[in-house]
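The values are calculated or read from the model by the stated rules, or taken from the named source; none is laboratory data. Keep in mind it's a predicted model, so treat the numbers as computed, not measured. All Cβ positions, even for glycine, are placed from backbone atoms using ideal geometry, and neighbour counts span all protein chains on display. For accessibility, only protein heavy atoms count, side chains too; no ligands or nucleic acids. Shrake-Rupley method; radii C 1.70, N 1.55, O 1.52, S 1.80 Å.
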Amino acid sequence: GSDLMSDRTRTEKLGVKPGLRVAVMGVKDPVFLAELKEAGAKVAARPGPGPCEMVVVRLDALSDLPLLLEAKKRIVPNGMIWAVWPKGRKEFREDDIRHFGPQAGLVDVKVMAFSDVLSGLKLVIPLALR
């Protein structure tokens, strides 16, 4: 039997649904942007007004962590942030993002392979803070 989870597309794993408002910060990946549009998302490629249900933000170093605060300002209270970062580096890891989360008022709930070279961590605003 086939594993249903592995058959899901990247946008399904991210939780993209038709009509979802998605902001993309620092992910310069035309294939991903095309996938989002194909999945029916409304993509905001540049920072603009209005909250989104999802923000995908690329982090490359500890100095990028404050971008999570920017991302948080852009989501609805029950929205989600996907932080994506390069796999397999010692100087910047998933734990660094996890530890920063609470300072930004975020908790991590899920991890996924975003691409061959990037990992993804899903962060949300805890219920108590919404």
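Any residue in segment 113-130 that is closer than 26 Å to ARG10 by Cβ sitting within a Cβ distance under 7 Å of a residue that is open to solvent by 70 Å² or more (accessible area, probe 1.4 Å) and assigned to a loop (DSSP other than H, G, I, E, B)? List the pairs, counting only those 6 or more apart or interchain.
VAL117/LYS87; LEU118/LYS87; SER119/LYS87
What number of residues in segment 84-118 are assigned to a loop (DSSP other than H, G, I, E, B) and either of a type in the set (S, T, N, Q) or open to solvent by 40 Å² or more (accessible area, probe 1.4 Å) (or both)? Before the answer, list the steps.
Step one: of segment 84-118, the residues assigned to a loop (DSSP other than H, G, I, E, B) are 87-93, 105-106, 114-117.
Filter once more, so that each one left must be either of a type in the set (S, T, N, Q) or open to solvent by 40 Å² or more (accessible area, probe 1.4 Å) (or both): 87-91, 93, 115-117.
Adding up the residues that qualify gives 9.
Only residues in segment 52-77 that are under 18 Å from ARG98 (Cβ atoms) and in a helix (DSSP H, G or I) count as the first member; pair them with residues that are open to solvent by less than 30 Å² (accessible area, probe 1.4 Å) and of a type outside the set (Asp, Glu), Cβ under 6 angstrom, at least 6 apart or cross-chain, and list the lot.
So the pair list comes out as LEU67/VAL57; LEU68/ALA104; LEU69/ALA104; ALA71/VAL55; ALA71/VAL57; ALA71/ILE81; LYS72/ALA104.
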